[in-house]
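Each remark here refers to the structure printed beneath this line.
Please treat every number below as a calculation from the coordinates, not as lab data. Keep in mind it's a predicted model, so treat the numbers as computed, not measured. A quick note on method: Cβ atoms are made from the backbone with ideal geometry, for glycine too, and the neighbour counts reach across all protein chains shown.
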Amino acid sequence: MTSARTGVSPVDTTAAAFPADFLWGAATAAYQIEGAVDVDGRAPSIWDTFSRTPGRTAGGDTGDRATEHYHRYRQDVRLMSELGLGAYRFSVSWSRVQPTGRGPAVERGLDFYRRLVDELLEHRIEPAVTLYHWDLPQDLEDLGGWPVRDTARRFADYTALVADALGDRVSLWTTLNEPWCSAFLGYGSGVHAPGRADWTAALRAAHHLNLGHGLAVEALRAALPRDARIAVSLNLHEVRPLSESVADREAARRIDAVGNRVFTGPMLNGGYPVDLVVDTAHLVDWPTLIHDGDLATIARPIDLLGINYYTPTVVSALPDGPAPDTAAAGEAGHGDGAQSPFAGCADVLFHRAPGERTAMGWPIDPSGLTDLLLRLHREHPGLPLLVTENGAAFDDRLTPEGAVHDPQRIEYLRGHLDAVRRAIAAGADVRGYFLWSLMDNFEWAYGYGKRFGLYYVDYATQARIAKDSARWYAEVIRRGTLPDLGV
Ligand code: FCB
């Protein structure tokens, strides 16, 4: 989302509490925590293949073991309960339910999620199911993956199976997590599975992810009780031009098109934006890609829009002459790939704003979250918002006394929760906040080196150790406001 640059303002801890029914949550994803990749009939997903391919992930890390959540889920639900979570957002592994991406459900795979949901409900924690968090069954990738239309249909079939199994006990559903990453990191720059670097494939994937979302919404509505709520989680880029020059604003418009409106256009406004179609006409033939009826399917109404936010995106046009030191071409905080993930935007430069950064190198700027929420509130009045991911990696260390002091994470969370509160105070209808992540886990191409958790995981023993931020977040939840606890 493009917006004027605003500064970070100090946290206002005297402010009003969050709404009484505000949903306090934490989030994870199947491949990042479950492990147990070859039990109960599960077959490889594109992330198994990708992470086992030499050179694709830091240190050759894979999700083979991860945090062994598949076997330790009871203990993990207890941790959630200690935090006082109102909701837990997790994803279902498609490959556990349909190992080849087609055919009848494997009941043993579904049973794991039935047990997990029961355990959550027993602890009065609302389950929030994400149907797709990037782990396409490898067999479907072998048939062409998301650039192929049939994958969208397969996704709808899988959705119906999961809805049938869990629909009586789960009332909050998310179709896709960050389809931008699936399309543009997976098929555009190749830093995520399946690791292809082909802008045409990325744009085709984007359309089929949109279509898959729409078909999944239809499948969910058909299977679920009326009061079920359906969402999608988008990592909308809060795009800011480096300067107000015409060239930099044009760069921001193009990134907003291929980074945001390629999803919000068809999902929320009924069609692809004209400027996107013009910008990318040399890469994809939109009129043949979009079939009759697709746009109506994709625009099926949703009940909530999920927002994942970590850092703003600052862009400029490529200047004449040598690139300035501050710019990193093709770098948008997503790791260096064969080419920019932003299809057709090789000439746009990405800048890292000055100031503090997380261990991912992402600049810390909570104002981006307020701006993003308010913009969505303005552009889509009446559509409730949910922050489905926000959090930070830092270089956490376990002290000899067995503690993890993470004042920077507390500061990050405090700033971003205050940003949410400010958006609510200004009128945005934000229903909840899911912190990324419950515990340290497999951070995709960065492997286990990047720790986002409230709980530190000692990967040698699989012990979970509450970081200071876990206690801080529990206090926030208990009070329903931002305590000025010091850090
Ligand atoms: C998001 C992903 C999530 C995690 C965080 C740090 O893009 O959805 O799985 O990797 O980033």
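The figures follow:
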quantity	calculated
Inter-label distance for Ala58 and Thr100, nm, one decimal - labels placed 7 Å from Cα along Cα-to-Cβ	3.8
Over the chain: helical MRE at 222 nm, DSSP H runs n ≥ 4 each giving -39500 (n - 2.57), nearest 500	-10000 deg cm²/dmol
Theoretical gain in end-to-end length, Ala228 to Asp142 [0.36 nm per residue, Cα-Cα removed]	27.5 nm
Part-to-part distance (alpha-carbon centres) for segment 212-272 and segment 87-162, which is given in Å	22
Förster radius 41 Å - calculated FRET efficiency between His282 and Arg114, Cβ distance, rounded to 0.05	0.25
Two-site FRET efficiency, Ala463 against Gln339, from Cβ-Cβ distance with R₀ of 45 Å, rounded to 0.05	0.65
Förster radius 30 Å - calculated FRET efficiency between Ala346 and Glu107, Cβ distance, rounded to 0.05	0.05
Shape parameters for the chain, alpha-carbon atoms, Rg then Dmax in Å	21.0, 63
Segment 333-382 and segment 422-478: distance between their alpha carbon centers, rounded to Å	20
